[in-house]
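To keep things clear, I will list the structure first and then write my remarks on it.
The values are calculated or read from the model by the stated rules, or taken from the named source; none is laboratory data. A quick note: this is a predicted structure, and the numbers were derived from the prediction, not measured. In this analysis, Cβ positions are derived from the backbone assuming ideal geometry, glycine residues included, and neighbour counts consider all displayed protein chains.
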Amino acid sequence: MTTRISRDELARRIAADIPEGSYVNLGIGAPTLVANFLPEDQEIILHTENGLLGMGPAPAEGRVDPDLINAGKQPVTALAGAAYFHHADSFAMMRGGHLDVCVLGAFQVSERGDLANWSTGAPGAIPAVGGAMDLAIGAKAVYVMTDLLTKEGGSKLVAECDYPLTGVGCVSRVYTDHAVFDVTDEGFVVTPEGFAVRELFGDNTVEELRALTGLALVDASASTRED
Amino acid sequence: MIDKTVASVADAVAGIPHGATVMIGGFGRAGQPVELIDALIDSGAGDLTIVSNNAGNGDVGLARLLKERRVRRILCSFPRQHDSWVFDELYRAGEIELELVPQGNLAERIRAAGAGIGAFFSPTGVGTVLAEGKEERVIDGRRYVLEYPIRADVALVSALKADRWGNLVYRETARNFGPVMASAATTTIVQVDEIVELGALDPEAVATPGIFVDRVVAVGSRPWVVDGEFVGGVDVEGRPLGSQEASA
């Protein structure tokens, strides 16, 4: 049995990789946890695609403002220095490559960096995409935050996604509860070469991850290990 | 003298015909022009095509328009929500058509209509099922799909304040689709909390210039804003805390 870190620990790990001064969009769901671990003494500006830069935490009880919500339609606050804008401007920020980082959830990520996170394609399911496709192709760095394995034990890192795609070749890094994976692009090679294990959590080994994912993972973890 | 103000929401929505394409502003409940939608329902118009980011929440506003079976087709990015039971039921029963559009393409297609753009190439959705059948082009080494503008006969928008020329200021994230929708419809109808004297709006703060607006109606204050001050005391749906209907 391999070690897994908790959602909060993973959120803390992702937050540590976001430099001061970054403009960041945290996707709906688990990625919103990352906000809880951004250092308070640093200025990192959160974007929410419904029209706010400088998003702050949830309001105090009794101070909920229905006009001030995030992309998940939850009440939020606006920090000093915040700015409001309309939807076309907001998506220009995303599509136009102005965001430094976005963190998204995933059903699957392929070795080429394809992302599937909006639909399982199940018959009868009501489709809903929101801003997922714009975020996936727009930010300078697209990070995925996910468990490595599905509830059934299948790998979410795959050779090819079978779920409907959100974006093609768009993911730069995948943070999982077992390890951190980079989608690599070998120098002049345009096509990414698959996943490289960047960092292992706990007692996980690259061999074990190869067995869990069925993928030929590149071991790039040695240089980042402390021991 | 230009005076775009009208006395009632019934006057504001007068003349919207059966079969019209209607843009409805708002993101979830924020900025949703509920009073105008109620008046549209009362007007009897039906067989509508709706353009809106979501497909209704709870049983009010857009959800009620759907529930009253006035909508044949809806273009939106995110119909499925925890409180979208009205849409869910109609969709599962095959009683409403859905065109799903990625949110940024929805906003930009509306913007393009208002800006007189014939079509544009977007990188969003490339290689996905939502781009199937669309013309694709590689520009500077990147793949794009061709997207066409979305126009409407009518836009229903909610803003905070207007003057009689139709200049609008919004409040916080309730601005969302208002400015682009206002530009993309033949007739733009706006509900506001308050109509103020010409000159009372700071020209630097006007987010929708009156040229995009045809009719304005005052519907009264949001309970969470009193004399321009945020007072809170409501839940995210705008219901007073501790009231019978307030959600848990």
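Remarks
- Leading residue by the ranking (nearest to the other protein chains (Cβ to nearest Cβ)) among those in segment B:204-221 that are free of Cβ contacts under 8 Å to residues at least 60 places away in the same chain and buried (at least 17 other Cβ atoms within 10 Å of the Cβ): B:Ala207
- Scanning segment A:38-60 for residues that are more than 14 Å from chain B (Cβ to nearest Cβ), outside any strand (DSSP E or B) and surrounded by 16 or more Cβ atoms within 10 Å (Cβ to Cβ) yields a count of 2.
- Residues that are among the β-branched types (Val, Ile, Thr) and under 20 Å from B:Ala107 (Cα atoms) within segment B:47-90 comprise B:Thr49, B:Ile50, B:Val51, B:Ile74, listed in sequence order.
- Against the criterion of being within 11 Å of chain A (Cβ to nearest Cβ), in contact with a His (Cβ under 7 Å, 6 or more places away or on another chain) and closer than 17 Å to B:Gly26 by Cβ, B:Val180 qualifies.
- Count of segment A:61-106 residues, restricted to those that are charged (D, E, K, R) and either more than 7 Å from chain B (Cβ to nearest Cβ) or closer than 29 Å to A:Arg173 by Cα (or both), is 5.
Matching residues to (1) under 14 Å from the mean Cα position of the chain (by Cα); (2) closer than 22 Å to A:Asn204 by Cβ:
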{"site": "A:Leu99", "(1), (2)": "yes, no"}
{"site": "A:Leu104", "(1), (2)": "yes, no"}
{"site": "A:Glu111", "(1), (2)": "no, yes"}
{"site": "A:Leu115", "(1), (2)": "yes, no"}
{"site": "A:Thr120", "(1), (2)": "no, no"}
{"site": "A:Gly124", "(1), (2)": "no, no"}
{"site": "A:Leu148", "(1), (2)": "yes, yes"}
{"site": "A:Ala159", "(1), (2)": "no, yes"}
{"site": "A:Tyr175", "(1), (2)": "yes, yes"}
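- Of the helices (runs of 4 or more DSSP H) lying entirely inside segment B:47-136, those containing at least 3 residues that are farther than 25 Å from A:Val168 by Cα and within 10 Å of chain A (Cβ to nearest Cβ) are B:85-92, B:103-115.
- Cβ pairs under 9 Å, 6+ apart, first in segment A:11-28 and in a strand (DSSP E or B), second modelled with pLDDT of 95 or more and of a type in the set (Asp, Glu): A:Tyr23/A:Asp100; A:Val24/A:Asp100; A:Asn25/A:Glu49
- Residue tally, condition buried (at least 24 other Cβ atoms within 10 Å of the Cβ), among the polar types (S, T, N, Q) and over 14 Å from B:Arg111 (Cα atoms), over segment B:164-187: 2
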